[in-house]
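Asks: Dropping a structure here in structure tokens format, bear with me for questions.
The values are calculated or read from the model by the stated rules, or taken from the named source; none is laboratory data. Since the structure is predicted, the reported quantities are computational estimates derived from the model, not experimental observations. Here the Cβ positions follow ideal geometry from the backbone for every residue, glycine too, while neighbour counts run over all protein chains shown. Surface areas here come from the heavy atoms of the whole protein model, side chains and all, with no ligands, DNA or RNA. Shrake-Rupley method; radii C 1.70, N 1.55, O 1.52, S 1.80 Å.
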Amino acid sequence: MFSGESVRSMGAQLRSGRRVEFSGAMWALLVGVLVAFALAIEIVARVNHIRGPLSLLATDLVGRPQIGEIKIAGMLLALVCLPSRLRLPVFGITVGLELAWNLQRVLVGNAGTVGNGILFVLLGLIGFAAWQLHGAERASTMKAAGLGLLLIVMGRVGDVWLVLSSRANPTVFDEYVELADRALGSPSWAVGSIVSQHAWLAEILSKVYVYLPVAAAVIAFFQLRNSARDGFPRHHIIRTFLLIGMIGPVVYFLFPVVGPTYAFGHELADAGWQDVWPMQLPIIGDPGALFYDQGIARNCMPSLHTAWAMCIFLHGWRGPLASKIFGTAWLVGTTGATLGFGFHYAIDVLAGAIFTLTLEAALTRPELGWSKHRLSVIAVGTTIFSGILLSTRYLSVEMATSGAIGGLLLIGAVLVVAAGFLTIELHPDVQEIPVDMAPLPPRPVALQDRAADMAHAARTWAGQTVGSISRELKKTESTKL
């Protein structure tokens, strides 16, 4: 039964840095909270006359699903966390269902897509585990399917959240950000001009940008492939990945930005702004918050694509060489894509990196606990992130005219947060003593025990003294002439 005692127990585990083991009731509570959150977003969406996450998921299940990349990532994540004997059968059933669904689409002249089979298999896995499996195997199977579904559900919640961000903010801050970005040399214009002239490069970067959730599942393979047998590690990529998606979009309501290709390019026809990206910088006098088409999400500040890619990079470097190379390449490719396609300004990218480094400072090395040092690093990261937003909004002209000083300060801000994160990440290991090997506490000593110990010590000393004198006398006798 769920009670306050279970909450206090979980809180104690979190504070101590030990691995948190949730009870069945606690898992039920968490699932209930997530369902309630999805329902709340559904209601808000309906009030604003847009489709909510549950409506979108229903279409993904029985209609024509969209954004298949995140569904593929959800299935890969589930396969990684499943018991090994179930992976191949589950994979085969998923492929069979996807082929069957797309065969009928091709027969009626529609294009293929991905998603129906994945959702049916993940839902079916939960039912199969509850009905046929037992013990640890059932628990690990339900966790695997739940993680896969959670990634897909949060993706749909995020889609609705982006639409709500556009409805809530008719004006955007792109003029402020574009001016402030000149302190860094306007990298989006420079990278965008290169990408626009090389079709092969644009094709590669587009795949990197779109398949980012799949890349996270690849890193999860290195971290969670033995989770069904050994349990989940204390910290892994999925924790950070989901937290980025939950916290980051809140900033979109506070700092609405649409990006260079929309505000200053031709991505949206008749937007009413200058069509100069990426050929030349726009002419901006006194910057202001200007009206922009409310069909475009305000999802630039911070760049969550960069934040997620930084997450892949950091967790990749905790793995083998292949994981390190993969994570580094994905971060470089994602940064090139966000700037090269004009989806973000460079300041968005830096803010996204700071955002992830601050979150990772809170999550990494849980065995170290919530020390004052960890809290100070989190506070510094939060302050710097907020400072970048405020400076971009209120000091954009000064930043644009500051020359190299403004750019060095922005890059230095990222380095400061990165250094703070590394002081936690590279902290010396804490050697934990198992309970059965811990030293026993001292027991109270009775008076007679102390007297017996003293008598034994006296007898031992006397015996040793007598023996030493006898040996010396024998030596003396043996040396007489």
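Asks: Can you confirm whether the range 281-298 contains a residue that is of a type outside the set (D, E, K, R), over 24 Å from residue 355 (Cβ atoms) and free of Cβ contacts under 8 Å to residues at least 60 places away in the same chain?
Replies: yes
Asks: Could you check residue 247 against (1) surrounded by fewer than 20 Cβ atoms within 10 Å (Cβ to Cβ); (2) in contact with a Gly (Cβ under 9 Å, 6 or more places away or on another chain); (3) at pLDDT 90 or above and say which number it fails?
Replies: The failed condition is (2).
Asks: Quick check on residue 113: is it modelled with pLDDT of 95 or more, of a type in the set (Ser, Thr, Tyr), touching a helix residue (DSSP H, G or I) at 6+ places or on another chain (Cβ under 9 Å) and on the phi < 0 side of the Ramachandran plot?
Replies: So residue 113 fails the test.
Asks: Follow-up question, since we're still on this one. If only one of 282, 302, 287 is outside any helix (DSSP H, G or I) and under 16 Å from the mean Cα position of the chain (by Cα), which one is it?
Replies: 302
Asks: Quick check on the range 201-227: of everything there that is over 16 Å from residue 337 (Cβ atoms), open to solvent by 30 Å² or more (accessible area, probe 1.4 Å) and touching a residue at least 12 places away in the same chain (Cβ under 8 Å), which residue is farthest from the chain's Cα centre (by Cα)?
Replies: Among residues in the range 201-227 that are over 16 Å from residue 337 (Cβ atoms), open to solvent by 30 Å² or more (accessible area, probe 1.4 Å) and touching a residue at least 12 places away in the same chain (Cβ under 8 Å), the one farthest from the chain's Cα centre (by Cα) is 225.
Asks: Identify, please: which residue in the range 180-200 is over 24 Å from residue 413 (Cβ atoms) and aliphatic (A, V, I, L, M) and is, among those, least open to solvent (accessible area, probe 1.4 Å)?
Replies: Looking at residues that are over 24 Å from residue 413 (Cβ atoms) and aliphatic (A, V, I, L, M), I get 195.
Asks: How many residues, within the range 152-179, are outside any helix (DSSP H, G or I) and surrounded by 24 or more Cβ atoms within 10 Å (Cβ to Cβ)?
Replies: Counting residues in the range 152-179 that are outside any helix (DSSP H, G or I) and surrounded by 24 or more Cβ atoms within 10 Å (Cβ to Cβ) gives 2.
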